[in-house]
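Report on the following structure.
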2 protein chains.
Amino acid sequence: MTDQTTELLVCIKCKRGTEVAEDGERPGQALLDALSIRDLPAGIRLTPAECLQNCDHGCSVALRGGPEKWTYVYGNLHEASHLDTLVEGAALYHDTADGLIPWRTRPEHFKRNCIARIPPLRAPVPNLKG
Amino acid sequence: MTDQTTELLVCIKCKRGTEVAEDGERPGQALLDALSIRDLPAGIRLTPAECLQNCDHGCSVALRGGPEKWTYVYGNLHEASHLDTLVEGAALYHDTADGLIPWRTRPEHFKRNCIARIPPLRAPVPNLKG
């Protein structure tokens, strides 16, 4: 468990390979909108982001949670079918100390659609007990 | 120009789709080793990283430079052919305030092999002068 806020960053520029009219809503914005009316677990903040540059495999989100956690980028997300996955995954991420959701509880979509991850800013304190 | 150290994180676990013998050196480790004997510009710190999970498009690095900069992940890198690009790109990144290397000076490999990017931790102060 962690006291640090978890950010669920959603790329709102994503077109997911579709043609979007000049005044049309982009799939990335639709994903943000759909998440914004969900009850998110305590400690999770939904944040719009400019292009995450995962354009070939959008829609995209990132999960970030303070200097001791890995940051994860996930792709191939859809505003209709992946809301439960994202809410569940964000909660699981939030409950970790280092950002690593154990494999057995990791959402299936996360297992197969991790685009990249970034190490924690702060290296973990070595466990001297071995 | 920034005073904040720039981290050039290199995924040392990368096999780049090759078969690596149990006791053989991985391409990611070779990339780190090759960079470690280069003269890096002031302000740039080379850091080994565990798997960046960009395994389909390795080798991989990330550039990170403090709370006001975007973090970038680049892929499809080779320990023999991309050392100059990485040193040049890290220096250009270091010299920006927000991590965005202007397109015209961005190394060609960076233009076509950005895997993802993560927004700055700290939002920029709005320019009230418009």
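The values are calculated or read from the model by the stated rules, or taken from the named source; none is laboratory data. Here the structure is a predicted model, which is why all the values come from computation and not from measurement. Heads up, the Cβs are rebuilt from the backbone with ideal geometry, glycines too, and the neighbour counts pull from every protein chain shown. Side chains are part of the model used for accessible areas, which takes the heavy atoms of the whole protein and leaves out ligands, DNA and RNA. Shrake-Rupley method; radii C 1.70, N 1.55, O 1.52, S 1.80 Å.
Odds and ends about this structure:
- Considering (1) of a type in the set (D, E, K, R); (2) modelled with pLDDT under 95; (3) under 28 Å from A:Thr18 (Cα atoms), the lone condition that A:Glu88 does not fulfil carries the number (2).
- Condition check for A:Leu77: in a loop (DSSP other than H, G, I, E, B) and open to solvent by less than 30 Å² (accessible area, probe 1.4 Å): yes
- Some residue of region A:13-29 being in a helix (DSSP H, G or I), open to solvent by 50 Å² or more (accessible area, probe 1.4 Å) and under 14 Å from B:Ile118 (Cα atoms): no
The rows are residues; the columns are (1) over 10 Å from the mean Cα position of the chain (by Cα); (2) within 11 Å of chain B (Cβ to nearest Cβ); (3) free of Cβ contacts under 8 Å to residues at least 40 places away in the same chain.
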{"site": "A:Cys51", "(1), (2), (3)": "yes, yes, no"}
{"site": "A:Leu63", "(1), (2), (3)": "no, yes, no"}
{"site": "A:Trp70", "(1), (2), (3)": "yes, yes, no"}
{"site": "A:Ala97", "(1), (2), (3)": "yes, no, no"}
{"site": "A:Ala123", "(1), (2), (3)": "yes, yes, yes"}
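- Enumeration of residues in region A:4-34 that are touching a residue at least 60 places away in the same chain (Cβ under 8 Å) and in contact with a strand residue (DSSP E or B) (Cβ under 8 Å, 6 or more places away or on another chain): A:Thr5, A:Thr6, A:Leu8
- Where A:His57 falls short, out of the listed (1) in contact (Cβ under 8 Å) with a residue 60 or more places away in the chain; (2) open to solvent by 40 Å² or more (accessible area, probe 1.4 Å): (1)
- Once region A:35-49 is narrowed to residues that are more than 14 Å from every other protein chain (Cβ to nearest Cβ) and in contact with a strand residue (DSSP E or B) (Cβ under 7 Å, 6 or more places away or on another chain), the residue that is least open to solvent (accessible area, probe 1.4 Å) is A:Leu35.
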